[in-house]
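To keep things clear, I will list the structure first and then write my remarks on it.
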Amino acid sequence: MAELILYNTLTRSEEPFQPREPGKVTIYACGLTPQAPAHVGHMRGVVVMDIVQRWLEQLGYAVHFVQNFTDIDDKIIRRAQEEHTSTAAVAEKYSRMYIEDAHALGVRLPHFVKVTENMDAIIEMVQRLVEDGYAYVVDGDVYFEVNKFPEYGKLSGRSVEEMQAGARIEVDERKRNPEDFALWKAAKPGEPAWDSPWGKGRPGWHIECSALSLKYLGAAFDIHAGGMDLIFPHHENEIAQSEAYLHCEQPFARYWLHWGPVRLRQEKMSKSTGLVVPIRELRQQYEPAVIRYFLLTVHYRTPLEFSYERLEESKAALERIRTAYQRAQAFLRERGGATADATVAEPYLQQFREAMNHDFNTAQALAAVFEVVRELNTHLNTPELADAPARLAGLLNALQWMMETVLGVALQPDAPAQSETLNQLMHCVIAWRQELRTRKLYDLADRIRDDLKAMGIVLEDSPQGTTWRIG
RNA sequence: GGCGCCGUGCCCGAGUGGCUAAGGGAAAGGUCUGCAAAACCUUUAUUCGUGGGUUCGAUUCCCACCGGCGCCUCCA
């Protein structure tokens, strides 16, 4: 196994990755509250985690990846009231949409878990925190007492004193310290509620991720991931309550991975500001592969500025990769295939692996992809080298592995599937048109080309013959 | 106010204490070609926000300043 380096928010440095258990990786990512259609910012996280999972698998690990749905909270309750339906129906509706969007982007779905289906684990955890003196009960609410956990602030790099200095938290008289946070909230009339030792209520936001990750992955699982905006307070609180629960004998998670925000007009894309591009909407305009490519052009921790100009650039860049891929495929098809020889591709594969091993640097990995593309095109342009189809096949395999297997970007556009019949038909059409060109009947030859173009089939003439591709 | 991140060519965006500062998009010129498209080659940063410092040597480390952003409240 190659040495994977990843950036750990907890230590603010890059570290060699060593899993809890050899050969196995456990990952937990905070999912979303399904109460509105997902936007591009959500999808960035989804795609980043998909890449992480894919690359770990390429390194030979068995990956167990769990993600939650916060299917009960204030916003869902409000939404249910607005839509005159139940909270369960709201959560179900938007969870489905989310899964559908993720699936469309070529994401391999994680093991989803829901809060409402794991109430027992949550209550058990809160109960133990109360028993152990880390939490206290007030009027049916349960709060975690931050002062009981001396390491509070270690993830986000802030201290309780600092936070009190800049206090903007509204003071709740019933809390012992302003920073204390709710583990359990007493039910208000008309709200969905669950029985607990403290009366009817529902979990606070932070406790669910701790309870679910510990239940499904166990203490000291490998990677805990989420958007950067979750570092404080969400992940800070998760650490406090989880490590308190574990009696500070084990760390909660070994590595903390956070992806950067997507911005729109210099501001974070977020529902609260209304600056949002729903992924549904974007999917109407761009095929999933282009959206995915766009998300991968920047390192995952860097903020990504959303713009249609950038998407157009991504589209053009992907087009370049696909053209080379299809030209090479067509060439090999004509030769009846070849045994792959990977020696030409190996330096680029090496470059690609190094980039991915360095904290999943997809932007850098794409440079290797384009080196392969150039090499492929050069081979195709040079008849004497083109006599080495084995090397072409090797490059083609490398390209396919990089783009499709690892990055998950489809090299065949969403178009009618290429069938053997279509291949044969195109073979004939090209032969007929060649005959016309030989007889200098260019009007007819051009008309064939134009008509096919209108159907989405591109013909390209070169000294080595005519090739076709869908595009 | 506190904590943290960032500022690289026309645009986007990797990166490193010293090797030609990746790659993509765009533009211009060339090659190929019946034309078109694609492709290939060349050109667009003696320079990496500004000013100091450390060092034999800094875009890369430290400090200050300017500019942008994130978090401190729900947030992917």
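The values are calculated or read from the model by the stated rules, or taken from the named source; none is laboratory data. Since we're looking at a predicted model, the values are computed, not measured. As a convention, Cβ positions derive from the backbone with ideal geometry for all residues, glycine included, and neighbour counts pool all protein chains shown. Keep in mind that these areas ignore ligands, DNA and RNA; they rest on the heavy atoms of the full protein, side chains included. Shrake-Rupley method; radii C 1.70, N 1.55, O 1.52, S 1.80 Å.
The figures follow:
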| quantity | calculated |
| --- | --- |
| Every residue from region A:108-118 that is touching a Lys or Arg at 6+ places or on another chain (Cβ under 9 Å) and under 18 Å from A:MET43 (Cα atoms) | A:ARG108 |
| Filter result for A:GLU249 (of a type in the set (Asp, Glu) and out of contact with any Cys (no Cβ under 6 Å at 6 or more places or on another chain)) | yes |
| Inter-residue pairs, beta-carbon under 9 Å, first closer than 11 Å to A:LEU295 by Cβ and open to solvent by less than 10 Å² (accessible area, probe 1.4 Å) and in region A:30-48, second within 6 Å of RNA strand B (Cβ to nearest atom) and part of a strand (DSSP E or B), 6+ apart | A:VAL40/A:VAL262; A:MET43/A:VAL262; A:ARG44/A:GLY227; A:ARG44/A:VAL262; A:GLY45/A:GLY226; A:GLY45/A:GLY227 |
| Pair list, Cβ < 6 Å and 6+ apart or interchain, from region A:266-294 residues that are under 28 Å from A:VAL406 (Cβ atoms) to residues that are modelled with pLDDT under 90 | A:MET269/A:LEU275; A:GLU287/A:ASP414 |
| Failed criterion for A:ALA89 (all others in (1) more than 26 Å from A:PHE352 (Cβ to Cβ); (2) open to solvent by less than 20 Å² (accessible area, probe 1.4 Å) hold) | (2) |
| Pick from region A:135-150, criterion over 35 Å from the mean Cα position of the chain (by Cα) and assigned to a helix (DSSP H, G or I), ranking: surrounded by the most Cβ atoms within 10 Å (Cβ to Cβ) | A:LYS148 |
| Among (1) assigned to a loop (DSSP other than H, G, I, E, B); (2) open to solvent by 60 Å² or more (accessible area, probe 1.4 Å) - the single one A:ASP172 does not satisfy | (2) |
| Flag for A:LEU59 being open to solvent by 10 Å² or more (accessible area, probe 1.4 Å) and away from RNA strand B (no atom under 11 Å from the Cβ) | yes |
| Conditions (1) free of Cβ contacts under 8 Å to residues at least 24 places away in the same chain; (2) touching a Pro at 6+ places or on another chain (Cβ under 6 Å): number failed by A:ASP74 | (2) |
| For A:VAL298: the one exception among (1) among the aliphatic types (A, V, I, L, M); (2) in contact (Cβ under 8 Å) with a residue 60 or more places away in the chain; (3) more than 8 Å from RNA strand B (Cβ to nearest atom) | (3) |
| Residue ID - nearest to A:ILE51 (Cα to Cα), chosen from residues in region A:96-134 that are hydrophobic (A, V, I, L, M, F, W, C) and within 14 Å of the chain's Cα centre (by Cα) | A:VAL107 |
| Selection from region A:97-117 of residues that are away from RNA strand B (no atom under 16 Å from the Cβ) and either open to solvent by 70 Å² or more (accessible area, probe 1.4 Å) or without any contact (Cβ under 8 Å) to a residue 40 or more places away in the chain (or both) | A:GLU100, A:HIS103, A:ARG108, A:HIS111, A:GLU117 |
| Selection count where residues are in a loop (DSSP other than H, G, I, E, B), surrounded by fewer than 22 Cβ atoms within 10 Å (Cβ to Cβ) and away from RNA strand B (no atom under 12 Å from the Cβ), scope region A:342-363 | 3 |
| So A:ASP450, is it at pLDDT 90 or above and surrounded by fewer than 13 Cβ atoms within 10 Å (Cβ to Cβ) | yes |
| Single match in A:LEU318, A:LEU366 (criterion: surrounded by 14 or more Cβ atoms within 10 Å (Cβ to Cβ), touching a helix residue (DSSP H, G or I) at 6+ places or on another chain (Cβ under 6 Å) and in a helix (DSSP H, G or I)) | A:LEU318 |
| Any hit, region A:305-316, residues being of a type in the set (S, T, N, Q), outside the structural domain of A:GLY204 (by TED's automatic domain parsing) and within 12 Å of RNA strand B (Cβ to nearest atom) | yes |
| Subset of region A:83-95 [in a helix (DSSP H, G or I) and of a type in the set (Ser, Thr, Tyr)] | A:THR87, A:TYR94, A:SER95 |
| Subset of region A:64-77 [away from RNA strand B (no atom under 11 Å from the Cβ) and open to solvent by 30 Å² or more (accessible area, probe 1.4 Å)] | A:HIS64 |
| Whichever residue in region A:226-246 is farther than 19 Å from A:VAL130 by Cα and outside any helix (DSSP H, G or I) and, among such residues, is farthest from RNA strand B (Cβ to nearest atom) | A:GLY226 |
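Residue by residue, here is whether (1) on the phi > 0 side of the Ramachandran plot; (2) at pLDDT below 90; (3) in the same structural domain as A:GLU57 (by TED's automatic domain parsing); (4) surrounded by 14 or more Cβ atoms within 10 Å (Cβ to Cβ) holds:
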position	(1), (2), (3), (4)
A:HIS379	no, no, no, yes
A:ALA388	no, yes, no, yes
A:ALA398	no, no, no, yes
A:LEU407	no, no, no, yes
A:LEU425	no, no, no, no
A:VAL429	no, no, no, yes
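Residue by residue, here is whether (1) modelled with pLDDT of 95 or more; (2) closer than 27 Å to A:GLU15 by Cβ; (3) open to solvent by less than 40 Å² (accessible area, probe 1.4 Å) holds:
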{"site": "A:ALA244", "(1), (2), (3)": "yes, yes, yes"}
{"site": "A:ALA253", "(1), (2), (3)": "yes, yes, yes"}
{"site": "A:TRP259", "(1), (2), (3)": "yes, yes, yes"}
{"site": "A:ARG265", "(1), (2), (3)": "no, no, no"}
{"site": "A:SER272", "(1), (2), (3)": "no, no, no"}
{"site": "A:ILE279", "(1), (2), (3)": "yes, no, yes"}
{"site": "A:LEU282", "(1), (2), (3)": "yes, no, yes"}
{"site": "A:PRO288", "(1), (2), (3)": "yes, no, yes"}
{"site": "A:THR297", "(1), (2), (3)": "yes, yes, no"}
